[in-house]
Amino acid sequence: MSNFAVSADTPLCTKGGTPSDIRLSTPQVARIVTRATPPVDRPLVGPGDLLALGVLAGTPVASILSVDRLRAAALRMARLLPAGFRQEASLETFVALGGLSHDEAAALRRRQLEQKLISLALFIKQLGGSPVNEIAVEGREHITDALAGGRGAIIWIADFVFASEVIRQAFHTLGHPLTHVIRPEHGFSATRFGVRCLNPVHMKVGKRHVREFVVFDRDRPDDTRRRLEQRLGENRLISLLACAYEGRTLVRAPFMRGGLDLAVGAPAVAFKMGCPILPVFIRPSPAAPRFTVTIGEPLKMSGTDRRSAILEAAEDFVARLSPCVEANPELWRGWSSLTEWSSQPFGDNVPVP
C-alpha cells in the first residue's frame with residue numbers, strides 16, 4: 001500500500017512504521033476558512049434506524065458471546081456488505097487525496113468497514129453490561145502537569161474508530177472523568193426518531209465513564225462554549241473530537257495530498273482560557289480490544305494573537321496525527337474531512353470569531 005504524507009522528522013505513532021515516501025509537492029501553511037452553516041433537515045425515520053433496532057435486539061446475545069466470536073461475526077457481516085456501507089468519504093477521496101490506487105483504496109475501505117463493525121459489536125457487548133476494553137495509558141504525567149496550572153485542560157481526541165469510547169474509559173479509570181462534547185447525532189442515527197429514541201440508548205454506555213456530556217447546540221453555540229469555559233475555570237478536563245463535523249470556522253492544514261479541515265473550537269477556547277491542549281491518540285494491539293492511549297505533551301501555542309495561536313496548535317496536532325494515520329489508516333475516520341488544497345469552497349483568510 002502507498003505511504004502517506006509524513007514529515008521526515010516526525011516521530012512515528014507506533015513501533016515498526018516507516019517514514020513516508022510521499023511529500024506535498026508545494027510547501028503550504030495552515031489557514032483559516034469558513035463555511036455556511038448547513039441546515040438541519042432531519043427525516044422522521046430512515047433505513048439506519050431499522051438497522052440500529054436490529055443491532056439493539058442482539059444485545060442479550062452479544063453480552064454473553066466471547067470477544068473473539070463477536071469479532072468473527074463482525075468480519076463475516078463486513079464481507080456481506082458493500083465496502084462503502086455508511087462510509088462518509090468516497091472512494092475518490094482515498095485515491096485523489098490519499099495517493100492510493102483504486103485497488104488499494106477499495107481494500108482500505110473494506111478494512112475500515114470491518115473495524116467499524118467490530119467497534120459496534122464490542123459496544124453492544126458493553127451495552128449489555130459486559131466490560132470489554134483493556135487499556136494501557138502513556139503520558140499520564142501530562143494530565144498532572146496541566147492541572148497543576150489551575151486552568152483545566154482540553155483533551156483533543158484524534159478521530160479514530162474506537163477512540164471516543166476507549167479514551168473516555170481511560171480517563172475515568174485514571175480518576176479524571178471528562179466533560180465531553182457530542183453532536184446531537186451522537187450514537188446510532190441522525191433522524192428525528194433516532195435522536196429522540198435511539199441515541200439516548202447509545203449514550204447509556206458513555207455516561208458510565210464521563211463526568212457529563214455536553215450536546216452541541218447549533219442554534220446556540222455560545223451556550224456550549226460558556227459551559228466548557230465554566231468547567232475549565234473549575235480546573236477540570238474537557239474533551240472534543242478533532243474533526244470538522246461541527247462549526248462554521250475551520251483550520252485547513254496541509255495533509256496527505258491536500259488539506260485537512262478541523263473545527264477551531266478546541267484551540268480557540270484554549271487560547272481564551274489560557275489552558276493547555278493535550279492531543280490524545282489510541283493504538284490498538286493485534287489482539288484488540290486491547291488498546292494503548294497516548295496522552296501527548298501540550299500542543300504549541302506560542303502565538304500572542306488568537307489567529308496565530310490557533311494555526312500553530314492545529315499544525316502541531318496534524319504533525320503528530322500524520323504518523324498515526326500512516327500506521328493505522330483503516331482506523332482513521334477523518335478521510336471525509338480531507339479536501340483539495342487548491343480548492344476554495346469557503347471564504348479564506350477571514351477573522352477568527
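The values are calculated or read from the model by the stated rules, or taken from the named source; none is laboratory data. These numbers were taken from a predicted model, which means no experiment stands behind them. No Cβ is skipped: glycine too gets one built from the backbone with ideal geometry, and neighbour counts run over all protein chains shown.
Here are the numbers for this structure:
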item	result
Test: residue in segment 219-227 that is in contact (Cβ under 8 Å) with a residue 24 or more places away in the chain, of a type in the set (Ser, Thr, Tyr) and out of contact with any Pro (no Cβ under 8 Å at 6 or more places or on another chain)	yes
Residue match in segment 176-188 (condition: farther than 15 Å from GLY265 by Cβ, over 17 Å from the mean Cα position of the chain (by Cα) and assigned to a strand (DSSP E or B))	no
Residue in segment 189-198 that is in the same structural domain as TRP335 (by TED's automatic domain parsing), in a helix (DSSP H, G or I), in contact with a Phe, Trp or Tyr (Cβ under 9 Å, 6 or more places away or on another chain) and crowded, with 22+ Cβ neighbours inside 10 Å present	yes
Verdict on VAL293 being assigned to a helix (DSSP H, G or I) and modelled with pLDDT of 95 or more	no
Contacts under 9 angstrom Cβ, first residue in segment 48-77 being farther than 26 Å from GLY194 by Cα, partner among the β-branched types (Val, Ile, Thr) and outside any helix (DSSP H, G or I), 6 or more apart	VAL67/VAL132
Selected residue (only one of SER119, SER90, SER101, SER130 is among the small types (Gly, Ala, Ser) and closer than 26 Å to ARG320 by Cβ)	SER119
Breaking point among (1) touching a residue at least 60 places away in the same chain (Cβ under 8 Å); (2) assigned to a helix (DSSP H, G or I); (3) crowded, with 19+ Cβ neighbours inside 10 Å, for LYS204	(3)
Segment 80-115, residues that are of a type in the set (Asp, Glu) and either under 19 Å from THR339 (Cα atoms) or touching a residue at least 60 places away in the same chain (Cβ under 8 Å) (or both)	GLU88, GLU92, GLU104, GLU114
Count of residues meeting criterion [assigned to a loop (DSSP other than H, G, I, E, B) and in contact with a helix residue (DSSP H, G or I) (Cβ under 9 Å, 6 or more places away or on another chain)] in segment 55-78	2
3 or more residues farther than 23 Å from ALA242 by Cβ: qualifying helices (runs of 4 or more DSSP H) within segment 79-156	91-96, 102-127
Whichever residue in segment 210-247 is assigned to a loop (DSSP other than H, G, I, E, B) and within 18 Å of the chain's Cα centre (by Cα) and, among such residues, is surrounded by the fewest Cβ atoms within 10 Å (Cβ to Cβ)	TYR245
Any hit, segment 250-268, residues being in a strand (DSSP E or B), assigned by TED's automatic domain parsing to the domain that holds THR304 and within 21 Å of LEU147 (Cβ to Cβ)	no
Failed item, numbered, when GLU246 is tested on (1) in contact with a His (Cβ under 6 Å, 6 or more places away or on another chain); (2) closer than 30 Å to VAL95 by Cβ	(1)
All positions within segment 83-121 that are surrounded by 20 or more Cβ atoms within 10 Å (Cβ to Cβ) and either among the β-branched types (Val, Ile, Thr) or in the same structural domain as ASN328 (by TED's automatic domain parsing) (or both)	THR93, ILE118
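Residue-wise test of (1) of a type outside the set (A, V, I, L, M, F, W, C); (2) modelled with pLDDT of 85 or more; (3) on the phi > 0 side of the Ramachandran plot.
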{"residue": "THR10", "(1), (2), (3)": "yes, no, no"}
{"residue": "ILE22", "(1), (2), (3)": "no, no, no"}
{"residue": "VAL33", "(1), (2), (3)": "no, yes, no"}
{"residue": "GLY46", "(1), (2), (3)": "yes, yes, no"}
{"residue": "LEU50", "(1), (2), (3)": "no, yes, no"}
{"residue": "GLY84", "(1), (2), (3)": "yes, yes, no"}
